[in-house]
Every structure is written in C-alpha cells, then in structure tokens.
Amino acid sequence: MTTGVCIVGAAESDLGVTGKTALHLQTQAVTRALADAGLRLADVDGLATNGVSRFSATQVAEHLGLRPRWTDSTFAGGAAFELYVGHAVQAIQAGQASVVVISYGSNQRSARSRTFDPYEAHTPEAQFEQPYGPLYPVSAYALAAQLYLHAYGADRGRAGMTSVAVAAREWALKNPRAYRYGAGPVDMEASPLVSDPLRVADCCLVTDGGGAVVLTTLERARDLPAVPVEVLGYGEATTGTSIVGVGDLLRTGAVDSGRRAFAMAGLTPADVDSAQIYDSFTITVLLTLEALGFCGFGEAPDLVAAGTLPMNTSGGGLSYCHPGQLGVLLLVEAVRRLRGTADRVALAHGTGGILSTHGTVLLGRTS
C-alpha cells in the first residue's frame, strides 16, 4: 500500500558542543530542512516537537513565527519522533495539515544539563527502585543487559554489545559530522565501568544537536526539488514505565511496533536495506534487532558481527551524536541513505524511556 505522504526535507543543526540555545538549534534544523525541501516557513501549517519547555510546540511555533493548525508535542523520549511521523501522516491524510515539520534541538552538553537524576519521587515505581540508588536510566538498561548475558551466554552477549559499539565507531570514522570522527577505534578494555555490565563505550554520547524533517503529500512532492522519500509504514507500542513494570525485558514493545509497521508497508525485515536503530546503549540495539525480526531471539550478536545489515550508518548515538533524544536524527540519516545510496527501503526505530515506548518507521525511495 501507499500512504501518499513523503519526507521532502531533512537536515541537522550544528552538533557537538555548540554554545547555542535549544531554540537556536531548532531554528537551524528547521530552516535547513525547509531549504532542502525547497519550501518556506510560510508553507508550514503543522509542527511536532518537544523538549524545549512546558509547551514546546507553542514555544517553537512562536519563535519561528508560525501559526500552525496542527501540532503534536507528545513526549515519549527517543521514540517520539518516529511516533510523530505516524501522527503527521494521519494529519496530512485527513487534511488537517499540508506541510508538517518534525523538529528537535538540545544544548544539553553546553548547558551541562544532563544528570543521573532519580525517578520523580511521586511516581509509584520510585518507592520500589529508588532505594537501590540506580543511575537513571543506565542502571535499568544494565539490568536488561545482565539478563541478556544470563539467558544467551555471557561471552556471546558481551561480544555482541562490543560489536555494536565497534560498528558504530567505524561508521563515525567515515562521517565528518560525528562527534567521534577521528577518535580512533573503540577500546572496550580501557573503557570504565558505569553500571555493570555496561561500560562508557556501551553508553550513548552526551552532546548538543538537533534535526528536522519535512513531510507533505506525494503529489506536492513531485513539484519540489529534493528527492522525496515515502513513508511506507509505521507502528508504535508502549509497555511499562520502569523495570518493575515490564513483563519480559528481552522481548520489548518493538515486537508490536515493528509488526504493525511491516504489516502496513506489506514488507518484511528481509526487504530492509539499512536500519537506523536507537542506540541509547549497546544492549538496546541487540534487543531491538531481535524484537523487529531481523534475527531470532539471542541471535543479534551473530547478526551484528556478520555486518550484513548496514546499521546506524551515521555512527549513531554511541559515536555520532546524542542530544538527549536521537529519534529525529535517525530519520535524517535514513533519508540520506535512500537519497545517496542504492538502498530502496530504510527503517528507523526509536526507543524511549526504560524500554518503554517504541516507534518504527519504514521509508522507501519513490523512484
């Protein structure tokens, strides 16, 4: 089937340590993505964003001089921007908007705003987990990693996580925009332990950065200069807000979001030429690959080691950029792959919270 909706513009803001405000980075991303699409701010009537303030969509719209008739500021962490794609497709199909911008920007590195803050004290899970002093969220992902090592073998599991970090760094060494560009290969043995079994090299970067994508109808896209990339399918799923609320840490909600996206697109994992998988931690990638059906459960270490699936080709959150929420930049990279390589189908998958919310998007070349 066809959704009839395309991404026609995609761009990053400045990345790394920028010294700029979050709104400045959002402005860069939005204006660059619109320039890529051959559109103007005046063409935009839909906006999806979060992370700027209590009323993020309102804040960004006012800053850019927009008066959108459709907005979305759903906060679902790293999965939000893949969710926004599905929501934007629905809005465009329903005639609620004609040109939607999905954007994000964060200056967390420059502002030194990233912390290992505990759970909010008023939440139910805090009483069960906070007494143990976890580092949020790394200790929760470390528990998932420990379970993975126990279930599938410590040596294979550890090798799989290392392979994820090594592959991300190899891609970053080819990407001048990557934070770890020129840093050399990963040395896991020298990487300090953060929350057993996760080391620094298993954990995403803390950087400034942002990005934006522009969506409109396939019909309108034909009159624009950029190569359009069609949204083929999308799916979302939400499971539990914390470790104590998840039934099986090794089978995440990506099982459901992926199944829904592939069913909509009429595709299978075998049809995917490249994948941008949220890599908040190396274990996130192994769990997601298995949940999406790229391999069987417990088999992701072998898949990553084989290197047959181009994955996180920018360097990912581990070596390219991680400004708090990476999801929009997964979409930007997927679009670039479809425009600049022989790829026909690309997947972008976001994971938010403690393996809590999952968004899967399948994109395809239109020509």
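Taking every alpha-carbon pair under 8 Å whose residues sit at least 6 apart, the stretch 243-299 reaches a relative contact order of 39 percent.
Averaged per residue, the stretch 100-180 has 53 square angstrom of accessible surface, using a 1.4 angstrom probe with ligands and nucleic acids left out. Scanning the chain for trypsin sites (Lys or Arg not before Pro) lying in DSSP loops with no more than 14 further Cβ atoms inside 10 Å, the longest uninterrupted stretch between such sites is 223-343.
With all protein chains in place and a 1.4 Å probe, the accessible surface of the stretch 208-346 carries 50 percent carbon and sulfur. Rounded if a/c is under 1.5, else prolate if a/b beats b/c, else oblate: with a ≥ b ≥ c from the C-alpha gyration tensor eigenvalues square-rooted, which is the stretch 100-174? Judged from the Cα gyration tensor, the stretch 100-174 comes out oblate (a/c at least 1.5, b/c at or above a/b). Across the options HIS87, VAL52, GLN28, the greatest Cα extent toward the positive end of the charge dipole of the stretch 1-87 (unit charges at beta carbon of Lys, Arg, Asp, Glu) belongs to VAL52.
Calculated from the structure at hand, Rg and Dmax of the Cα atoms in Å is found among (i) 20.6, 70; (ii) 32.4, 105; (iii) 19.2, 58 as (iii). Percent relative contact order of the chain, based on C-alpha pairs within less than 8 angstrom and at least six residues apart? This gives 27 percent for the chain. Given +1 at the Cβ of Lys and Arg, -1 at the Cβ of Asp and Glu and no other charges, the dipole of the chain around its Cα centre is 780 debye to the nearest 20. Counting only protein heavy atoms and a 1.4 Å probe, tell me what percentage of the stretch 104-189's accessible area is made up of carbon and sulfur. Result for the stretch 104-189: 53 percent of the exposed heavy-atom area is carbon or sulfur.
Only the Cβ atoms of Lys and Arg (+1) and of Asp and Glu (-1) were treated as charged; on that basis the dipole of the stretch 169-295 about its Cα centre amounts to roughly 200 debye.
Dipole of the chain computed with +1 at Lys/Arg Cβ and -1 at Asp/Glu Cβ about the Cα centre; of VAL100, LEU224, PRO310, farthest Cα towards the positive end is LEU224.
The dipole here belongs to the stretch 30-109: it is taken about the Cα centre, uses +1 on the Cβ of Lys and Arg and -1 on the Cβ of Asp and Glu, and is about 180 debye. If R0 equals 35 Å, the separation of the Cβ atoms of GLN93 and TYR136 corresponds to a calculated FRET efficiency of about 0.40. Between the helical axis of 80-93 and the longest alpha-carbon principal axis of the chain there is an angle of about 30 degrees. A helix-only calculation puts the chain at -10500 deg cm²/dmol for mean residue ellipticity at 222 nm, using -39500 (n - 2.57) for each DSSP H run of at least four residues, averaged over all residues.
The residues of the stretch 35-84 present an accessible area of 48 Å² per residue when probed at 1.4 Å with all protein chains retained.
The values are calculated or read from the model by the stated rules, or taken from the named source; none is laboratory data. In this text, all values refer to a predicted model and were calculated from it rather than measured experimentally. Note that each Cβ is placed from the backbone with ideal geometry, even for glycine, and that neighbours are counted across all protein chains shown. Please note that ligands, DNA and RNA were not included when accessible areas were found on the heavy atoms of the full protein model with its side chains. Shrake-Rupley method; radii C 1.70, N 1.55, O 1.52, S 1.80 Å.
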